[in-house]
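The values are calculated or read from the model by the stated rules, or taken from the named source; none is laboratory data. This is a predicted model, so every value here is computed, not measured. All Cβ positions, glycine included, derive from the backbone under ideal geometry; neighbour counts span all protein chains shown. Just so you know, the surface numbers come from the protein's heavy atoms only, side chains and all, with ligands and any DNA or RNA stripped out. Shrake-Rupley method; radii C 1.70, N 1.55, O 1.52, S 1.80 Å.
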Amino acid sequence: MTTDSALNSQRVFKKSSPNNKLTLYLASRDLVVENGCIDKIQGVLHVDTDSLENKKLFGQITLTFRYGREDEEVMGLKFCNEAIMSLAQIWPVHCNLEREPNTPLQDALIKRLGANAFPFHLELTPIAPPSVQLVPAKQYHGAPIGTSYDVRAYIAERADEKVSRRNTVRMGIRVLQGPGKASSMPLVLPPNSPHRSLGTLAQHNVLRLKNKTKLEPDENCRAKSEEIENLEPAPPRATVEKPFLLSDGRVELEAWLDKATYSHGESILVSVLISNHSSKTVRRIKTLVVQHVDVCMFSNGKFKNVVALVKGSGTPVLPGQILTDTYTLTPHKGVTKNWIALEDSYSKSGASLASTVVCSTDSPDERNVFAIYVSYYVKIKLTLSAMGGDVSLKLPFILTHSCINEAPTDSVTEEATHKMILEGKENSDEEDSKAETENDKQNNNGTKKDEGTALSENAEVKSPEEHRCVADVLVNIENKLSDRPKKFEGQTEIRNAKPNEEELDMIVKYPGTDT
């Protein structure tokens, strides 16, 4: 591969310092952690000749963990911690440092930029916490909350010297957790179930074969065990039974998913089997997807959000009946009451739900204090009649990117200071109760909803299109103004376009300042 083709076929990210004496070029801004390995930061720094007199060139990767709102920082109080994850002297190259060979893209950049271009490689530890952004429910104009990374380069005499911002260039990067090897998830298998799939039986055989390979130290057995570990995990499947104290019989609930790992935007198929062997009546069936967020820095930093909700038809399951049904859910971002975890994004809008972030250790003492762990599960809930209570079970699954290259990236090469402008709403308890009564009336008439998100488990499903950001509306209006014909009368320009009523309504109701 020649240097010209390498430069022309690959996108390069560029950022300059405020005094334009230092320019940073990066080949990629996404670091993928997978199977205990992580990608390296590879780039080139172009420096002004006069700035390097009796000074050195340093580069570092900085972790920023913000755990509070920026507008609440008063009297010198900061809700933000920074940690240097990697530090390297780029020029002159340290004598004890083994220099890595340049990539074709770096050679092409050096050839084009000249003698004042210096290549560098920065390495991050694989146990670094992935980039996750927390969005408050209330409206927030400030620095992103959560875990974020950036690459910084500066000119100084010493590495620990305090450098002004004019002589520093910084560019944001992301750390993503890849799918990696398929790990076995804790599943509760139904005993003596007629709907047990072949995948469940295969998982039993996998566990049995693994136990055999421990007893046989043969090379063939080791090879077989490695092949077994590489198999995909069986789809989650669980069953639960509820007996009653003052009446005979019980209600059995069995549910399973079509697979264990889903990509963003993919629909989840949930199969439900209800066997009513009691005198009670199953009145409601509710299927929802819950996002569970765990902020390790705080003991009470755990909260849940419903990111998808489907309610069954109003047809009750009478005593002695058996019901089998399939529900389709698509998790996506919506308006919630609690803080929601999203992917760290370079742009102001378009962030999707955060991918699953799992802890590599089970010990609470060894967890990373800067990490934000995100998990997802499907919950099926049955509401019974006549003081019967409810029956529920959970099916955990993994939400990730099918291909890391498909991860959302910004097309702009020069990055500005990114500040999120997000909007959220909170409903009162009275509104939640009204929404619940309206849903009950619809269920009694036999209506059925396919998909949606909810504010809580008892809240009404709302479409994300109703909560568009006002900045998007203003951009819409500006695009219409530029596309429509214009009339000119003398030196005055008269625009012949008007926004529609819906857009004007959103602008009038917007409580904040203009963006």
### Task
In nm, give the distance between the simple-model label positions of ILE322 and ARG367, each being 7 Å from the Cα along the Cα-to-Cβ direction.
4.2
### Message
For a quick size check, give me the Cα extents of segment 1-147 along its three principal axes, largest first, whole Å.
### Response
51, 40, 33
### Task
Would you mind computing, in nm to one decimal, how far apart the modelled labels at ASN81 and HIS292 are, each placed 7 Å from Cα along Cα→Cβ?
2.4
### Task
Relative to the compact-globule scaling 2.2 N^0.38 Å, provide the ratio for the alpha-carbon radius of gyration of segment 15-96.
1.44
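With all protein chains present, how much of the accessible area of segment 82-121 (probe radius 1.4 Å) comes from carbon and sulfur, to the nearest whole percent?
Working: 1390 of 2580 Å².
Carbon and sulfur together cover 54 percent of it.
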### Query
With every protein chain in place, what's the accessible area of HIS277 (1.4 Å probe, Å², nearest 10)?
100
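For a quick protection proxy, order the peptides 110-120, 242-252 by their average other-Cβ count within 10 Å, most packed first.
Numbers: 110-120: 15.7, 242-252: 13.5.
Per-residue Cβ counts within 10 Å, averaged per peptide and sorted highest first, yield 110-120, 242-252.
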### Task
In debye, nearest 20, what is the charge dipole magnitude of segment 254-313 about its Cα centre with +1 on Lys and Arg Cβ and -1 on Asp and Glu Cβ, if you could check?
380
### Task
On the full set of protein chains, 1.4 Å probe, figure out the accessible area of TYR140 and give it in Å² to the nearest 10.
10
## Note on the structure
Extension length gain for SER299 and SER392 (0.36 nm per residue less Cα distance), in nm, is 30.8 nm
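Give me the percent of the accessible area of segment 238-314 that comes from carbon and sulfur atoms, probe 1.4 Å, all protein chains in place. Display every interim value, and only then the final one.
On the way: 1520 of 3120 Å².
Percent of accessible area from carbon and sulfur atoms in segment 238-314: 49.
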## Note on the structure
Ignoring ligands and nucleic acids, THR281 exposes an accessible area, probe 1.4 Å, in Å² to the nearest 10, of 30
### Message
No solvent, one uniform scatterer per C-alpha: report log10 I(q)/I(0) for segment 68-161 via the Debye equation at q = 0.15, 0.25 1/Å, two decimals.
### Response
-0.86, -1.40
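Would you mind getting the accessible area per residue of segment 241-368, heavy atoms of the protein chains only, 1.4 Å probe, in Å²? All intermediate terms of the calculation are to be shown ahead of the outcome.
Details: 5760 Å² over 128 residues.
The answer is 45 Å² per residue.
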### Query
Going down the list LYS15/LYS55; LYS15/LYS333; LYS40/LYS111; LYS138/LYS302, which pairs span over 26 Å between their C-alpha atoms?
LYS15/LYS333
### Message
Could you work out how much longer the chain between ASN19 and SER279 gets when fully extended? Use 0.36 nm per residue separation minus the Cα distance between them, nm to one decimal.
### Response
85.7 nm
